[in-house]
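See below for the structure under consideration.
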Amino acid sequence: MLAGGYGEVAERNLRLLVRLGEIYGADRMIPVSSVQVAGVSYKSLGEPGLEFLEDLANKGAKVKVPTTLNPPGMDLVDWKELGFPEDFAVKQLKVIEAFKRMGIMLTATCTPYLVGNLPHFGEHIAWSESSAVSFANSVIGARTNREGGPSALAAALCGVTPNYGLHLIENRKPTLLVNVKAELKDAADFGALGYHVGKIVKNGIPYFEGIKQASVDDLKALGAAMAASGAVALYHARGMTPEAALMSTDGLETIEVGERELLDSYKALNTGSDPDIVILGCPHASLNEIASLAHKIEGKRLKKPLWICTSRSTKETAEMLGFNEIIEKAGGKVVADTCAVVSPIERMGFKTTGVNSGKAANYLPGFCKQQVVFRSLDDLLEGRVA
Ligand code: F3S
């Protein structure tokens, strides 16, 4: 590949991976079984990003391993009805077309593990999208570094990644013990915990003790928030994540997280009071989360707009099961492909957004000029359902 025998695209991208490997002291390249590509929204790519991707596609770039795609900046089907700006949509569709020509599966979700890109324990992958990286490393026990958009795409086009960082078992040991004393009642509490710990541990590896109960959705919320307030790509939780029992916590620096620390997180993340819209599904909602919302609002009427963002395949399953109809009858929308953070909601008349996600609450002020109301799902719905 480096000698150009596989064409210009492979040569250029492998050179990028070799350089990365040299910087981080990798001993060799290793094959990856899948890639998750981020950097899909036209909002973050802009014209230079679109030109880069179209150039690659024009040169015949094709992925060598199964590759899935992060959310774009709009619902790829219902964008008009939802009010996404037309000039944005035209550009976004061109981005999607370029990825499609490269052979990438247009899953358009940050939860690839819920739509068929599911690695097994110990499998080497090259994923970008920080929340998916955290989930794959921590909850599944697969191995990936926190790839950027270009390095993940390069891994997809070459089928390999440099062997360093979290691909090596010795780099997966915890660096901080987190003793959780607070009671965690829902996904928002896990987001608040993640926001707090991410700020402290930065790009280290926290080991949680004392979490009494957590659903897979809670763990995805926890990892997403830590990846946003810090740069956490892997965490362990005693009795819950697969590598926790293999790791020693002897001699680790320890912090305690109680109710006060959680309250501080809520205080820091709440910058608004009266949401124009509530947007759920960060990371993208699972079928369980859609079902749970449907049960909560069945037969009621929402006072303000509500979106729940999810992958298209999850939306289609929810449709078959009747959940979408219940949510729509109450005045909400099941929005596919996109999410609050990567879509141009600031151009759609929204100034204050209600969320139950620590990650979205962290990013919405900077990425979308939003004031944020960060609360549990029940609190967000309370008083807003007739
Ligand atoms: Fe996914 Fe968007 Fe949140 S990409 S993790 S829903 S910011």
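List the helices (runs of 4 or more DSSP H) that sit entirely inside the stretch 33-130 and contain at least 1 residues that are out of contact with any Ser or Thr (no Cβ under 9 Å at 6 or more places or on another chain), among the basic types (Lys, Arg) and open to solvent by 30 Å² or more (accessible area, probe 1.4 Å).
In the stretch 33-130, 79-82, 86-101 are the helices (runs of 4 or more DSSP H) which contain 1 or more residues that are out of contact with any Ser or Thr (no Cβ under 9 Å at 6 or more places or on another chain), among the basic types (Lys, Arg) and open to solvent by 30 Å² or more (accessible area, probe 1.4 Å).
Just for the stretch 249-258: of the residues that are in contact (Cβ under 8 Å) with a residue 12 or more places away in the chain and out of contact with any Lys or Arg (no Cβ under 8 Å at 6 or more places or on another chain), which one is nearest to the ligand (Cβ to nearest atom)?
It comes out as Ile255.
Could you list all residues from the stretch 267-299 that are buried (at least 17 other Cβ atoms within 10 Å of the Cβ), more than 14 Å from the ligand (Cβ to nearest atom) and among the acidic types (Asp, Glu)?
Matches in the stretch 267-299: Asp276 only.
If the requirement is being surrounded by fewer than 24 Cβ atoms within 10 Å (Cβ to Cβ) and either modelled with pLDDT under 95 or under 26 Å from Gly25 (Cα atoms) (or both), which of these qualifies: Val201, Val180?
None of the others qualify; the one that does is Val201.
On the basis of being away from the ligand (no atom under 16 Å from the Cβ), among the small types (Gly, Ala, Ser) and under 18 Å from Ala126 (Cβ atoms), does Ala214 make the cut?
The answer is no for Ala214.
Glu319 versus (1) of a type outside the set (A, V, I, L, M); (2) in contact with a helix residue (DSSP H, G or I) (Cβ under 6 Å, 6 or more places away or on another chain); (3) over 23 Å from Thr353 (Cβ atoms): which is the lone unmet condition?
Glu319 satisfies every listed condition except (2).
Can you tell me which residues in the stretch 50-78 are within 16 Å of the ligand (Cβ to nearest atom) and within 22 Å of Leu17 (Cβ to Cβ)?
Thr68, Leu69, Asn70
State all residues of the stretch 285-299 that are assigned to a helix (DSSP H, G or I) and of a type outside the set (A, V, I, L, M, F, W, C); if no residue qualifies, say none.
Asn288, Glu289, Ser292, His295, Lys296
The values are calculated or read from the model by the stated rules, or taken from the named source; none is laboratory data. Just so you know, these numbers come straight off a predicted model, no measurement behind them. When we count neighbours, we look across all protein chains shown, and the Cβ atoms used for this are built from the backbone with ideal geometry, even at glycine. Accessible surface is based on the protein model in full, side chains and every heavy atom, while ligands, DNA and RNA are left aside. Shrake-Rupley method; radii C 1.70, N 1.55, O 1.52, S 1.80 Å.
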